[in-house]
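One structure is given here, and the rest of the page talks about it.
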Amino acid sequence: MANFEEKKCLITRNLQEVLGEEKLLEILKQRDVKIYWGTATTGRPHVAYFVPMSKIADFLKAGCEVTILFADLHAYLDNMKAPWELLALRTQYYEAAIKAMLTSIGVPLEKLRFVKGTDYQLSKEYTLDVYRLTSVITEHDAKKAGAEVVKQVEHPLLSGLLYPGLQALDEEYLKVDAQFGGVDQRKIFTMAEKYLPQLGYSKRIHLMNPMVPGLTGGKMSASEEDSKIDLLDNPANVKKKLKKAFCEPGNITDNGVLSFTKHVIFPLMKPNEGFKVSRAKEYGGDIEYLKFADLEEAFAKQEVHPGDLKASVEQAINKLLAPIQEIFKDCKLQELAKKAYPAPQKAKGNPNAGNEEITPAKLDIRVGRIVEVTRHPDADSLYVEKIDVGEEEPRVVVSGLVNYVPIECMQNREVVVLCNLKPAKMRGIESKGMVLCASIDEPKQVEPLLPPIGSKPGERIVVETYEIGEPDDVLNPKKKVWEKLQADLKTSTELVAVWQGNKLIGKICGNAVTTASLVNAPIK
């Protein structure tokens, strides 16, 4: 492909933003562009990785020289997500998985360069540049740069502040013209543009993908089991996860299933190939779309049913995953997967050895919205609420809040709900959850907790430093799991909900759960 305009079109299609577009054109008029994409080797790569992979395919079609960086040192510095002893294994797994993904979509691996961060980031020259960078960048700018990427806590570790600077230096040490990443990394990119020239290095081009919603509607996360499809998920699991996926009729703005077709399925289609949506004859029969814009318009007009779209995307995903799973039938790769991502260990060194450690990760706490509320017919102090917690049907929850919150203040109220208590009958009505409240006894006051700003019904609430792990389906009442964890739940002097001093935050939005006025109050 000789036309530099066509190359630019391929490089930039479906991107949300390009910083340095004029420089991109200047280089393309003279030679091919050198681009790098980096990934921290933490959670298992999942189906959303096809989004950057499809862009890497575009870059290669445009003749770019592409480097893939396995950022093992970054993975360690990002609040110690992966201990050192697992980093080498996880980096091997990432390399195998990403090569398998690229093979699945027909990308020739010989045109790619694979680099491990620690191959050069521990060198004398790089280390000296890290020190040089710390002499010019302010703590404020370092923290601001990592705001969307590095875990944010009240008292951040210095390692997390170094992370954005390392990513900026990678551009120089990998000798590239451009860095590709998600728009969530924009602040790191602008920091690199500001500070690299202060070290005598040139400003790079930055290519940014939009943040593609996960299947639950928020960011697709390796640690959010229902939000992502693992590369090794069998067709039955793919079907189950897609069935749970958020895909509201006519909704084209917050739809992970539709976004996947835009950013993965359509870019990977061959010329004149269409995306077929299978439909029953009574609903118009099968229909094929050559352009995503036509599919999007049809979905917006509700001409395409969410169930039919999901079924068609399911087929496309299974087609992408089949060659990867064939590669991973290799015994050595299966063994690597087990070692890189071992099953959670049971607690050791205590009188209860052999019992699983009880941590807040066991709690399934979600943002909810009360869609209907009535007085309990047989109990004057109880409300019966129907609460939307992101499931197909609202949950029935019984709460003893009649004496503390007027009924008109309960309707459409957003609340924080513990969803995995064992269902219990309260005066004849089964309650499938608990509205969490701050509560003091003298004088008796009860306030429902306030969900994080920017959260939506169904969003998981997690405890800082305990984000990894899936909650129990049902908390074991015999082991008193809730009672043991609840003992350390309270509100702080800043009106923030905490567990042993760690904030309760929205897993997607990252903001804190709060209370209106009760400080140092137990949460029940």
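General observations
- These residues, 90, 31, 427, go from largest to smallest accessible area, 1.4 Å probe, as 427, 31, 90.
- Phi to ³J(HN,Hα) by Karplus 6.51 cos²θ - 1.76 cosθ + 1.60 over segment 40-50, Hz, x for Gly, Pro: 6, 7, 10, x, 4, x, 10, 5, 5, 5, 5
- Set of lysines with alpha-carbon distance to residue 34 below 23 Å, sequence-local pairs under 8 removed: 7, 8, 23, 55, 61, 99, 111, 116, 175, 187, 194, 203
- For residue 396, the solvent-accessible surface with a 1.4 Å probe is about 50 Å², rounded to the nearest 10.
- For the chain, relative contact order (Cα pairs under 8 Å, six or more residues apart, normalised by length) works out to 11 percent.
- For residue 413, residues with placed amide H under 5 Å, excluding near neighbours: 370
- Evaluated at q = 0.22, 0.28 Å⁻¹, the base-10 log of the normalised Debye intensity for segment 1-45, with identical point scatterers placed on the Cα atoms, takes the values -0.80, -1.11.
- Sequentially through segment 258-268, phi angles give Karplus couplings (6.51, -1.76, 1.60; θ = phi - 60°) of 5, 4, 4, 5, 5, 8, 10, 5, 5, x, 8 Hz, Gly and Pro residues having no value and appearing as x.
- The accessible-area ordering, largest first, of the residues 42, 134, 253 stands as 253, 134, 42, per a 1.4 angstrom probe.
- Across segment 51-117, C-alpha contacts under 8 Å between residues 6 or more apart give a mean separation that, scaled by the residue count, equals a relative contact order of 49 percent.
- If R0 is 25 Å, the Cβ-Cβ spacing of residue 440 and residue 379 corresponds to a FRET efficiency of close to 0.65.
- Segment 234-290 and segment 435-495 have Cα centres separated by 37 Å.
- Here residue 9 sits with roughly 90 square angstrom of accessible surface, probe radius 1.4 Å.
- Taking a straight line from the alpha carbon of residue 456, these lysines sit under 19 Å away, with near neighbours fewer than eight places off in the same chain left out: 219, 228, 244, 386, 503, 507.
- The angle between the Cα long axis of helix 158-173 and the longest principal axis of the Cα atoms of the chain comes to about 20 degrees, rounded to the nearest 10.
- The chain - percent of accessible surface contributed by carbon and sulfur, probe 1.4 Å: 51
- Theoretical FRET efficiency, 1/(1+(r/R0)^6), r = Cβ-Cβ of residue 17 and residue 254, R0 22 Å, to 0.05: 0.65
- Residue 517 sits with roughly 70 Å² accessible to a 1.4 Å probe, with DNA, RNA and ligands left out of the calculation.
- Residues with amide H under 5 Å from that of residue 279, placed H, sequence gap 5 or more: 286, 287
- In the chain, a dipole from Cβ-located charges (positive for Lys and Arg, negative for Asp and Glu) runs towards its positive end, and of 158, 461, 412 it is 158 whose Cα lies farthest in that direction.
- With a cut-off of 14 Å between beta carbons, the residues surrounding residue 369 carry a summed charge of -2, where Lys and Arg count +1 and Asp and Glu -1.
- Compared with the alpha-carbon gap, the fully stretched path from residue 113 to residue 3 is longer by 37.1 nm at 0.36 nm per residue.
- Ranked by the mean number of other Cβ atoms within 10 Å of their residues, highest first, the peptides 113-122, 169-178, 279-288 come out as 169-178, 113-122, 279-288.
- For residue 211, nonlocal amide neighbours, meaning residues 5 or more places apart or on other chains whose placed amide H falls under 5 Å from its own, are 183.
- Listed values for segment 299-307 are Karplus-derived 3J(HN,Hα) couplings in whole Hz (6.51 cos²θ - 1.76 cosθ + 1.60, θ = phi - 60°), namely 5, 4, 7, 6, 7, 10, 7, x, x, and x replaces Gly and Pro.
- Sequence of 131, 289 when ordered by accessible area, the most exposed leading, probe 1.4 angstrom: 131, 289
- 1.4 Å probe accessible area per residue over segment 1-57, in Å²: 44
- Between helix 331-340 and the chain: long-axis angle, C-alpha atoms, 0 to 90°, nearest 10: 60
- Mean separation of Cα contacts under 8 Å (6+ apart) over length of segment 2-80, as relative contact order %: 39
- Among beta bridges identified by DSSP and lying wholly in the chain, the antiparallel ones come to about 70 percent.
The values are calculated or read from the model by the stated rules, or taken from the named source; none is laboratory data. Here the structure is a predicted model, which means the values were calculated and not measured. Ideal geometry is used to build each Cβ from the backbone, glycine not excepted, and the neighbour counts take in all protein chains shown. Accessible surface areas use protein heavy atoms only, side chains included; no ligands, DNA or RNA. Shrake-Rupley method; radii C 1.70, N 1.55, O 1.52, S 1.80 Å.
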